[in-house]
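Below you'll find the structure, written out as structure tokens, and then a few comments.
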Amino acid sequence: MKNKLLSVLLACSLTVTMIAGCGSTGTESKDSNETSTDSTSAEGADEDVAEVAPAEIDMDEEPYEVAIQLVTLPGTDYSAYEAEMEEKINEITVPAINAKLDIQFVWINEIANKTSLAVAGNEKLDLVHVATVSPLSSMVGADMLYDMNEDDLLKTHGQTLVSLFSDILEAGEVDGQQLAVPAKLYNAVAKGLDFNKTAAENEGVDIPATGNLEDLDRALTDLKNSGSDIIGWYAGEGTNNYLYWLEGYESFGTNASYGAVLDSDKDTTVVNLYDTEDFLDYALLTYKWRQEGIIRKDSTDNTSAQDYFNAQQIFCYPGDITPQLNANYSATAKNNGFELGTMQMVEPKITNASVTEYMWGIAVNSERPDKAMDMLNFIYENADVANILMYGLEGTNYEFVEGSDKVIETNGSYIASFVQIGNPENMLIQSPAGEDYYEQWEAFSAKATTSPIVGYMFSDADYQTESAAITNVINQYMPTLMNGSCESEDATKAYVEEFVSALEAAGMNDVIAGNQEQLDAYLARQ
Amino acid sequence: MGTKKQKINWKHWMPFYLMFLPGAAYLLINNYIPLYGLQLAFKSFSYKKGIGGSKWIGFKNFKFLFSTSDAFIMIRNTLLYNILWIFIGMIFGITVAILFNEVKNAVAKKIYQTAILLPYLMSMVVVAYLVYAYLAGDTGLVNNAIVKGIFGKSDGVQWYGDQKYWPFILTFVQQWKQIGFGMLLYLASLLGIDNSYYEAAMLDGATKWQQIKLITLPLLKPTIIMLVILNLGQIFRSDFGLFYQVPMNQGALFGTTQTIDTYVYRALLENNNVGMSAAASFLQSIVGFIFIITANAIVRRLDENSSLF
């Protein structure tokens, strides 16, 4: 009898835990219904109000907590500083806009999943990282972002943002919906080569400050002939199209999967990049480099080019060039015992890619999009809040450089690797950049042109099938071509031809035609 | 009389039903409630509108699986590898189980069992790097010790650059990894066979081979049939780790390493399309279901006692 009683009790307790375990889901889904009706009810709002007055902030309600995603390197743990950072920020924001900030640190490898799960599961999330591995283009189709045009939210609650980003705001606009706002104030980007200047000098290799593919080819050949054992060119897994940094076209989709515009100042025709002379020439060049021993690794090597570069095993790699990147990479190079050089191959330009590289959006499940917008707007007004988010706590994470109240030296205990927020003009400057950092930026930006298609984004909603197939074809052919691994020159040409016909079979021409149509319509509206 | 009997029954069965409840709740939550999400395969999913509110788009999500020339390759690869491995796995599993059963030394038995089961417990990522250590173009053991060392060739073989080697490499790796587990299943059945059969056979002068052919295999038949039917249910699926990690995600190898799972992963990594991935896995389940039912029906017709249901 006792045994039977025990077994009944045990079974009961197990059942109770099971039921308790799933209790919370019921209430959550109810919430999600409520929010979705809230956000849709305002759809009929009038959009064409010319001048909108800033919204009054209700200072009497309970302060709303705005959750913001700060993306960091995998493996980092900043939870120790989180509470103090939030406390310091709230001391400023509560009196000013009656809102608190809740920092959510997310590793970059998890950000795409975290965001979609948070939105799908209606977890607390307001300000969304729309950048790096979860760019605007990947979030549009699934309606994950709140339309900031609803109720004129951006105009009424985001006036600082509107005035700061005026001419590039439309980069976050898709089909009339403002889904994100740019995060960076300086968006000019040049492209070219980062190289090991110390090695170049030691081996007598001459590289000009600005150059083209021929200069690159000559430099790599000279390096090879000098007998140096440093590897000239390294394409890693070959999943990135390096030509992007060497030729300066503007591409749509990942690796120009939706086509590219070769020179937007002259001609806005969308072409299949892989079907151009430029691409074929580059494929033949990599083949030549492999034959000459300039490329020595194959596509199974997944070590990043930066790692090899810092270890002085490779001579150079292509990438973006900006004053900010220069400051960062020079410091890294210096720590590794060599000097960094750059060869600019593409003039500085403000493109859609550079503007959309970092953006902020509001999650579609945000309970209070207005407070989220207030907060974002305030961070771009108040440098103190932005400084805490970017650099952490004074005394704990950074110290001021002697004799300066602007330049700081960080101790590496807090690195917001993938965070771009705040108006840098009033913010702290991280050494090795000096006080002239913003003057450098201004000078650099002054040289830059703005692409005529800067606010245009291709809506791929009708091309999901093609997109999947094209992505797959590019993944299949690119590594071999980037690494020059074909057997002969003829085989390389044949392989490129095969690549192009595979792309066409996957529907690339339809996508490009659709892209061109949307682009022409966009340009006609301007 | 009847009511009295029922009362006694409840008292007796109640604890069992209560014990069943957590399991039932688990089944319901984990296996049945998610069926609601199957509709995603036929919808254009929007996070804003939720699963119920998203727009129906019919079979459009399925189109990407069949619309290109990749479709033939990935479906062919998935099916052929699975069919091949079901049979190879069966043959090796039974062979090793029978050999293992003959080992009488307890210490040796433990060592063999551990050695043979160890790969099964390894993560595919670890396996991928083990394979890489052997096959890497410049530093790999096979190229340096065998191709260059024994055969004296000046150039190593680019294992990761040529897709023709991979059906063999993948089959080898898959068998090496799975054989321990396959063997265990057959071994469990073998241990259940009454020793008196073998003793009687030996008295009648049966050889080892005759014992295996006439006693062991017929008695293993139900296990073999059950495992084959269960495996057929997975015929449209593939081990993602094996096909993605082990070939190091090399584009040049897609011709022989692309399966439905890796295609879906690679193709949808960029555009976040929940509907299309749901469609792919829905299709895999349907095909698996059809295969199980068909295989079972065939078995039932041939030998009713061996069928699964």
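FYI, it's all coordinate maths here, none of it is from the lab. The shown structure was predicted, so the numbers you read here are calculated from the model rather than taken from an experiment. Here Cβ is always computed from backbone atoms with ideal geometry, including for glycine, and neighbour counts include all displayed protein chains.
Take each residue of peptide B:66-73, count the partner chain Cβ atoms within 10 Å of its Cβ, and average: the result is 4. Using the Cβ-Cβ distance between B:F59 and A:A513 with R0 set to 22 Å, the FRET efficiency from 1/(1 + (r/R0)^6) comes to roughly 0.35. As a rough guide to protection, the peptides A:240-250, A:73-83, B:89-99 ranked by mean Cβ packing within 10 Å, highest first, stand as A:240-250, B:89-99, A:73-83. Annotation: the antiparallel percentage among DSSP beta bridges lying fully within chain A is about 65.
The Rg/Rh ratio of chain A, with both radii computed over alpha carbons and Rh defined as the Kirkwood radius, is 1.01.
In the structure shown, the pairs A:K224/A:K297; A:K88/A:K406; A:K224/A:K493 are assessed against 23 Å; a Cα-Cα span above that value is assigned to A:K224/A:K493. In straight Cα distance, which lysines are under 16 Å from A:K349, not counting same-chain residues fewer than 8 positions off? The qualifying lysines are A:K184, A:K191, A:K266, A:K447.
Distance between the modelled labels on B:Q39 and A:E435, one decimal in nanometres: 6.5 nm (7 Å Cα→Cβ projection).
Sorted on the mean count of surrounding Cβ atoms within 10 Å across their residues, most packed first, peptides A:112-118, A:91-97 read A:112-118, A:91-97.
Dipole of the stretch A:285-337 computed with +1 at Lys/Arg Cβ and -1 at Asp/Glu Cβ about the Cα centre; of A:T303, A:Y329, A:T286, farthest Cα towards the positive end is A:T286. Per-residue packing, averaged as other Cβ atoms within 10 Å, sorts the ranges B:272-278, A:484-490, B:113-119 into the order B:272-278, A:484-490, B:113-119, beginning with the highest. Within the straight-line cut-off of under 20 Å between alpha carbons, the lysines reachable from B:K221 are B:K208, B:K213, sequence neighbours fewer than 8 places apart in one chain being disregarded. With respect to chain A, whose longest principal axis is taken over its alpha-carbon atoms, helix A:23-41 is tilted by about 80°.
For the residues of B:256-263, the average number of beta carbons from a partner chain within 10 Å of their own beta carbon is 1.
Around the Cα centre of the stretch B:75-258, unit charges on the Cβ atoms of Lys, Arg, Asp and Glu (plus for the first two, minus for the last two) sum to a dipole of about 40 debye. Spin-label model, A:Q344/A:D267: points 7 Å from Cα along the beta carbon direction are separated by 2.6 nm. Is the shape of the stretch B:1-138 best called rounded, prolate or oblate, per the rule: a/c under 1.5 gives rounded, else a/b larger than b/c gives prolate, else oblate, with a ≥ b ≥ c the square roots of the Cα gyration tensor eigenvalues? Oblate.
Label zone (A:E61, point 7 Å along Cα-to-C-beta; backbone nitrogen cut-off 11 Å) within the stretch A:359-395: A:367-372. Relative contact order for the stretch B:75-258: 39 percent, from Cα pairs under 8 Å spaced at least 6 residues apart, divided by residue count. Using only side-chain charges placed at the Cβ, +1 for Lys and Arg and -1 for Asp and Glu, the dipole size of the protein assembly as shown relative to its Cα centre rounds to 6920 debye.
Taking θ as phi - 60° and the Karplus parameters 6.51, -1.76 and 1.60, the scalar couplings of the stretch A:390-402 work out to 7, 10, x, 10, 5, x, 8, 9, 8, 10, 6, 5, 4 Hz in sequence order, x denoting glycine and proline. Evaluate E = 1/(1 + (r/R0)^6) for A:A331 and B:Q163, where r is the Cβ-Cβ distance and R0 equals 60 Å; express this FRET efficiency to the nearest 0.05. Result of the calculation: an efficiency of 0.85.
Volume per residue of the convex hull around the Cα atoms, evaluated for the stretch B:75-258, comes out as 147 Å³. With a 10 Å cut-off around each Cβ of B:47-55, the average count of Cβ atoms from other chains is 5.
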